[in-house]
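All of the numbers you see were taken from the coordinates with simple rules; none came from a lab. Note that this is a predicted model, so its numbers are computed, not measured. Here the Cβ is made from the backbone with ideal geometry for all residues, glycine too, and neighbour counts use every protein chain on show.
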Amino acid sequence: MIELKDLGLDDGDRLYHWRRQPEVDRWMSHAPPHDLETHQAWLESFLADSDRKGWIVADDGRPCGFLMLKGVADPQQRAQWGWYIGEAEARGRGAGRAAQALGLERAFYDFALQKVWSEVLADNDAALKAQSAAGFRREGYLRRHVFKDGRFRDVALLAILAEEWKERRGPVLRDLQASGLIRKG
């Protein structure tokens, strides 16, 4: 059962470990923090920022990933999001798909956003497919936008609107509930 738990200071070591994993880092725009102190300072700043909200993705109570929204206080009612599954054994088992749906529920119903958007490295086929399955559409393409691992990489801009999620949410949530990935109700 996948759920989102509010991010806290006690999640710092876990996030630091996940973020430094090659399988997570390869799809991130920025390099991982060099040390735990730098990471902890980032986390403290993140938690103090009323414009950001973060959650730990938990699978049967066990932390397995991270999801965040940046822009929840934006008067334009749009926020950028990002997420990853940090535990290797949770990847490919629906945790990301469930976390996305739960995150969109929070974005559109708890924060009353009108749009959620993301930047995805253009060669990250898994993320592009996952976000497309959740209803995200491609809105743009930024060539040579990120310098990572010694080369420039392209970025796809994706977004979903509140009314698009509203149309998709019933079948998506029912499917996740039937699969035992999220709670009913």
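Couple of notes before you dig in:
- Full-extension gain in nm, Arg138 to Gln77, via 0.36 nm per residue minus C-alpha separation: 20.1 nm
- Per-pair calculated FRET efficiency, R0 = 35 Å: Lys184 and Arg151 via Cβ, rounded to 0.05: 0.15
- Pairs from the table (Lys53/Lys166; Lys53/Lys148; Lys70/Lys115) lying more than 23 angstrom apart at Cα are Lys53/Lys148.
- For segment 2-178, averaging the sequence separation of C-alpha pairs within contact (under 8 Å, six or more residues apart) and dividing by the residue count gives a relative contact order of 18 percent.
- Using every pair of separate Cα atoms, the Kirkwood estimate puts the hydrodynamic radius of the chain at 16.9 angstrom.
- Approximate spin-label separation Asp13-Arg93, in nm, with each point projected 7 Å along Cα-to-Cβ: 2.3
- Nearest-20 debye value, segment 2-178 charge dipole, Cβ charges on Lys, Arg, Asp, Glu: 700
- Additional length obtainable on full extension of the chain from Thr38 to Gln21, 0.36 nm per residue less Cα span: 4.5 nm
- Residue among Leu36, Trp117, Trp81 farthest towards the positive dipole end of the chain, charges placed on Cβ: Trp117
- Bridgeable aspartates and glutamates around Lys5 (alpha carbons under 12 Å apart, same-chain partners fewer than 8 residues away excluded): Asp59, Asp60.
- Packing, taken as the mean count of other beta carbons within 10 Å per residue, orders the peptides 65-73, 128-136 from highest to lowest as 65-73, 128-136.
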